[in-house]
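The values are calculated or read from the model by the stated rules, or taken from the named source; none is laboratory data. These figures come from a predicted structure and were not determined experimentally. Positions of Cβ are generated from backbone atoms using ideal geometry, with glycine treated the same way; all protein chains shown enter the neighbour counts.
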Amino acid sequence: MGRDRLCNSLVIARMDRSSNVGVLEEFRLEFWRVWHRLPNKGLFLILLAAWLLLFQALGNSTLGYIDTHSLLQWMYSAYTAGGQDVVASDDAFALLIPIIVIALMWSKREELLAQDLRTWWPALFLVAMGLVIHLLGFLVQQPRVSIVGLFTGIYGLMGLAWGPGWLRASFFPFFLFAFCVPLGSLAEPITFRLRLLVTKLVEIICHYFLAIDVVREGTMLTEPAGRYHYEVAAACSGIRSLVATVALALILAFVSMRAWWRRGLMIAAAFPLAVLGNLLRMLSIVVAAEFGSQAWLAPYTAKFFNIPLEVALQAGGQKWGEYIHDGGPMGIFSLLPYIAAFVGLLMLERYLDDRPRPGPRPKPDGPIQAGREAVAR
């Protein structure tokens with residue numbers, strides 16, 4: 001009897017170990033399963049390498065501020081402000097897009113593998129279209145146009161290797177590569193209007209709700225006594241949080257929703273939520289400046305910023321506002337636009353999610369359960 005109980009325990013332990021595979025090992029096994037089921041891998045990888053080599057050698061004709069023939073290097077320089085400041089670049093978000101697209105396609109792997117995977121020669125039309133778009137951008141010296149051609153061609157190569165069903169199933173998330181086109185100076189008309197909007201909203205809220213007297217002149221906010229003043233510069237327009245919020249809204253809309261009106265509502269909500277997030281950040285700066293300009297706080301201000309008391313009395317509000325503008329403790333205030341917008345989107349997604357819910361899980365049964373019952377007896 002004791003021997004039987006010991007054997008049962010060993011069997012259960014072995015089965016439990018096999019069922020509790022590590023995360024990395026589980027991913028490796030799943031990756032190889034998907035890899036072996038995917039046809040025409042070699043064809044796609046060879047064509048993709050040749051396509052990327054074309055844009056590496058003959059991708060950029062401007063040779064201006066970024067002196068390179070490689071469109072790929074031009075893109076990286078545009079995303080990172082010439083490789084000097086990734087954090088300050090308005091287009092740095094594009095560096096994350098390939099990772100996001102690959103992750104989303106991995107999450108759709110069963111749907112993609114369920115398609116009729118076959119070589120589909122009409123997809124060469126998309127490849128040719130991408131080549132024509134690139135040639136047009138090359139001739140008129142517009143690398144952004146060539147970027148559109150780059151991703152159009154890659155999309156066509158996927159269709160060539162795996163067929164029209166794959167193209168339909170992968171249109172989203174592949175569409176997110178649109179965010180890889182850097183805006184640069186093209187965003188100035190948008191950023192200027194965003195700056196004007198947020199300064200107007202800050203002025204209204206300060207006057208009518210917070211009883212803080214600020215004067216707006218264009219994109220400048222000034223305290224009448226001159227104790228502090230701030231300009232909503234292009235870097236504070238909220239364009240980065242707007243792009244990130246729209247991208248997240250697109251992801252949530254296509255992953256969590258099936259009805260098009262729900263998707264449209266989610267995407268439309270991204271714009272006011274992004275403005276709201278930037279508004280909260282600007283309000284926090286003004287409130288900190290108003291609070292820091294109080295005379296009774298001057299000794300604490302002088303000690304905190306290590307400045308003379310006379311300077312703290314005159315410019316304490318400016319110092320506290322700049323402190324919040326620069327991010328505050330651990331840079332948390334710089335995240336306000338993203339936190340407010342992302343939380344709003346996630347709450348909206350919770351109510352708009354129309355995916356079918358899985359039924360209750362059946363009671364576990366099988367060898368492991370039977371073995372455990374035998375040991376219990």
For residue 117, all conditions in the list (1) part of a loop (DSSP other than H, G, I, E, B); (2) at pLDDT 95 or above; (3) closer than 23 Å to residue 245 by Cβ hold save one; what is the number of the exception?
-> (3)
Candidates 68, 80, filtered to the one that is touching a residue at least 12 places away in the same chain (Cβ under 8 Å) and in the same structural domain as residue 143 (by TED's automatic domain parsing) = 80
Identify, by number, the condition in (1) surrounded by fewer than 20 Cβ atoms within 10 Å (Cβ to Cβ); (2) in contact with a helix residue (DSSP H, G or I) (Cβ under 8 Å, 6 or more places away or on another chain); (3) of a type in the set (Gly, Ala, Ser) that residue 170 doesn't meet.
-> (1)
Considering every residue within segment 289-305, establish whether at least one is touching a Lys or Arg at 6+ places or on another chain (Cβ under 8 Å), of a type in the set (Phe, Trp, Tyr) and at pLDDT below 90.
-> no
Given (1) closer than 12 Å to residue 147 by Cα; (2) in contact with a His (Cβ under 7 Å, 6 or more places away or on another chain); (3) without any contact (Cβ under 8 Å) to a residue 40 or more places away in the chain, residue 57 misses just (1)
Residue in segment 329-345 that is assigned to a helix (DSSP H, G or I), over 35 Å from the mean Cα position of the chain (by Cα) and either closer than 27 Å to residue 270 by Cβ or in the same structural domain as residue 278 (by TED's automatic domain parsing) (or both) present | no
Identify, from the list 231, 217, the residue that is surrounded by fewer than 18 Cβ atoms within 10 Å (Cβ to Cβ), acidic (Asp, Glu) and touching a residue at least 12 places away in the same chain (Cβ under 8 Å).
-> 231
Check on residue 350, farther than 25 Å from residue 223 by Cα and either touching a Gly at 6+ places or on another chain (Cβ under 8 Å) or not small (Gly, Ala, Ser) (or both) = yes
Close pairs (6 angstrom Cβ cut-off, 6 or more residues apart or separate chains): under 15 Å from residue 313 (Cβ atoms) in segment 279-300, crowded, with 21+ Cβ neighbours inside 10 Å and charged (D, E, K, R) anywhere | none
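Surrounded by fewer than 21 Cβ atoms within 10 Å (Cβ to Cβ), under 28 Å from the mean Cα position of the chain (by Cα) and in a helix (DSSP H, G or I): is that true of residue 146 in this structure?
Details: surrounded by fewer than 21 Cβ atoms within 10 Å (Cβ to Cβ): no; under 28 Å from the mean Cα position of the chain (by Cα): yes; in a helix (DSSP H, G or I): yes.
Against the criterion (surrounded by fewer than 21 Cβ atoms within 10 Å (Cβ to Cβ), under 28 Å from the mean Cα position of the chain (by Cα) and in a helix (DSSP H, G or I)), residue 146 does not qualify.
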Contact list, first residue from segment 334-353 and at negative phi, second anywhere and basic (Lys, Arg), beta-carbon distance below 6 Å, six or more apart or interchain, is 336/281; 337/281; 352/262
Conditions (1) at pLDDT below 95; (2) part of a loop (DSSP other than H, G, I, E, B); (3) not aliphatic (A, V, I, L, M): number failed by residue 39 | (1)
